[in-house]
Amino acid sequence: MQLFYSTLVDHTGGELTGQEAVHCSRVLRHRTGQFIRVVDGLGSYFTGEITHVQKDRVTFNVVHEEKAHNEDLPLIAFGILKNESRMEWMLEKLVETGVSRVIPLICDRSEKRRLRRQRMERIMISAMKQSGRALLPELSEPVSFREWLAGSLPPHLAVAHYHPNHRSLQTLMQLQKMAGLVIGPEGDFSPEEIDLVHHRKIPCINLGRYRLRAETAALVACALLNP
């Protein structure tokens, strides 16, 4: 069944607005009395019976609520990519694979320092619905990598930085449960940034035998980190 997304829903009822309502009423032509499936982005699925249909507003009564499985999903922090289409692809695939939070980082070699946030959020919502998930990952505001490193970090992070002498992510995961991974931008982290990583005693790991594009590395990392 088609999934809709709404922040205006609870255990009694809710409504679809904007493009969600248009898609429901105009594209799929749902009518009063029909049932729809709605997610709230917070981990709940709702089955609703439509009570009223307008072009830009669809209201419904909730007849069933179901909580998503409790997933311990990783976070991914990544250097903002210059190529926007690759970054959008990466965000889409991270949501589909399963991630709790994505943190855009402004690195020394980042050529782009801003995001089209509303577009990114739409891509993530679409990926959540397409993959059948009920949890919308948190999209943090862009932050300087140096500033982020200097702050309070969650335990058990690793930085993907290819070097023949670095151990693999799989090897590190045998020693401890990982909370997330940090991926650099095009051109990787600068030597000065890696020095800061070492100073914070964050392990650097390889994701395979070869260097990967940033967006490929993020997807591989997320797939490996998820059970």
With DNA, RNA and ligands ignored, accessible area of Thr17 (1.4 Å probe; Å², nearest 10)
60 Å²
Hey, which aspartates and glutamates would be in cross-link range of Lys201, C-alpha to C-alpha under 14 Å, not counting anything within fewer than 8 residues on its own chain?
Glu193
Tensor-based shape of the stretch 1-52 (alpha-carbon gyration tensor, a/c under 1.5 rounded, otherwise prolate or oblate)
prolate
Kirkwood Rh, the stretch 35-106, all Cα pairs: how many Å?
15.0 Å
How much accessible surface area, in Å² rounded to 10, belongs to the heavy atoms of Trp89 with a 1.4 Å probe?
100 Å²
Within the stretch 85-111, which residues have the backbone N less than 15 Å from the label spot 7 Å out from Gln130 along Cα→beta-carbon, could you tell me?
85-98
What figure, in Å² to the nearest 10, do you get for the accessible area of Asp188 with a 1.4 Å probe and non-protein molecules left out?
50 Å²
Whole Å is fine, so just give me how far the alpha carbon centre of the stretch 107-166 lies from that of the stretch 173-227.
12 Å
With both bridge residues required to lie in the stretch 1-78, what share of the DSSP beta bridges run antiparallel, to the nearest 5%?
90 percent
Explain nothing, just the number: dipole magnitude of the stretch 99-180 about its Cα centre with +1 on each Lys and Arg Cβ and -1 on each Asp and Glu Cβ, in debye rounded to the nearest 20.
300 debye
Per-residue ³J(HN,Hα) for the stretch 16-23, Karplus 6.51 cos²θ - 1.76 cosθ + 1.60, θ = phi - 60°, Hz, x for Gly and Pro
9, 10, x, 5, 5, 5, 4, 5
Any chance you could give the angle, 0 to 90 degrees and rounded to 10, that helix 84-97 forms with the longest Cα principal axis of the chain?
70 degrees
Which order do His11, His64, His30 take by accessible area at a 1.4 Å probe, largest first?
His11, His64, His30
Everything considered on the Cα gyration tensor (a ≥ b ≥ c; rounded for a/c under 1.5, else prolate if a/b is larger than b/c, else oblate), the stretch 158-227 must be described as oblate
Determine which aspartates and glutamates satisfy two conditions relative to Lys177: a Cα distance under 16 Å, and not lying fewer than 8 residues away in the same chain.
Glu71, Asp72
Residues meeting the amide H criterion for Phe4 (H placed from the backbone, H to H distance under 5 Å, 5 or more places apart or on another chain) are Arg37, Val38, Val39
In terms of Cα to Cα distance under 24 Å, which lysines are near enough to Lys67, apart from those fewer than 8 places away along the same chain?
Lys93, Lys129
What are the ³J(HN,Hα) couplings of the stretch 124-130, residue after residue, when phi is run through the Karplus curve with 6.51, -1.76, 1.60 and θ = phi - 60°? Round to Hz, x for glycine and proline.
5, 5, 4, 5, 4, 5, 4
Amide H contacts under 5 Å for Asn206, placed H, 5+ residues apart:
Arg167, Ser168, Leu169
Once you have the Kirkwood Rh of the chain from its Cα pairs, apply Stokes-Einstein at 37 °C and 0.692 mPa s and quote D in µm²/s.
173 µm²/s
Total charge dipole magnitude, the chain, about the Cα centre, Cβ charges on Lys, Arg, Asp, Glu only, Debye to nearest 20
480 debye
Quick one: pull the percent of accessible area on the chain belonging to carbon and sulfur, 1.4 Å probe, ligands and nucleic acids left out.
48 percent
Per residue of the stretch 110-117, in order, report the coupling 6.51 cos²θ - 1.76 cosθ + 1.60 (Karplus, θ = phi - 60°) as ³J(HN,Hα) in whole Hz, putting x for Gly and Pro.
6, 8, 10, 10, 10, 10, 7, 4
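The values are calculated or read from the model by the stated rules, or taken from the named source; none is laboratory data. All figures in this text were calculated on a predicted structure; none of them were measured in a lab. For neighbour counting, all protein chains shown are included, and Cβ atoms are generated from backbone atoms with ideal geometry for every residue, glycine included. The area values use the complete protein model at the heavy-atom level, side chains included, leaving out ligands, DNA and RNA. Shrake-Rupley method; radii C 1.70, N 1.55, O 1.52, S 1.80 Å.
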